[in-house]
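Inspection log for the structure reproduced underneath, given as structure tokens.
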Amino acid sequence: MPENNQTTEKINPQMESMPAEQGGIKKNVENIDFKNLDKKAEAEKKAQEKATQAIRSVPAGSYSSAKNISIKEVEEILSGGLEYIFSQMPPITQQEFKNKGEMAAKKIHALLQQPKIKIKKIAGLIMDWLKIIPGVNKFFLEQESKIKVDKILKL
């Protein structure tokens, strides 16, 4: 009697010769092509090695620079939706707003070219730039800078 509640079954010799579809065990070990299995395994291994080498050969900065975001695109996002506010400013403030906006766009462009994008720095640059607007609400600044950061990151 087997120990630990193990049961043993005897295989019916007739079932060994029956095909698997009929509930039997068919012995077709001779028909297995082991050479093709080895070739397939080697081909998969080589493909995996090539993929690993391709990943290792990619320079660190190429991920973010692959998108090639231009300064012009960053400036368009920054100025989007602020045309009316800009037109209501006095000429001296308009010039300062324009200059600081161009500087912010260049700095943001430089930050986007780095492998690790620093979102807080981008948001800070936008907030500092928007603070030039006279009589602006703090919540408006935060909301506008968040919207603009999101649009820039979608590029």
Set Ile132, Ile126: member being β-branched (Val, Ile, Thr), surrounded by 14 or more Cβ atoms within 10 Å (Cβ to Cβ) and assigned to a loop (DSSP other than H, G, I, E, B): Ile132
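Among the candidates Lys98, Lys118, which residue alone is surrounded by 13 or more Cβ atoms within 10 Å (Cβ to Cβ) and charged (D, E, K, R)?
Values: Lys118 fails: surrounded by 13 or more Cβ atoms within 10 Å (Cβ to Cβ).
Going through Lys98, Lys118 in turn, the sole match is Lys98.
A short reminder: the numbers here are calculations on the coordinates, not readings from a lab. Computed from a predicted structure; not experimentally measured. Methodologically, a virtual Cβ is constructed for each residue, glycine included, from the backbone with ideal geometry; neighbour enumeration extends over all protein chains shown.
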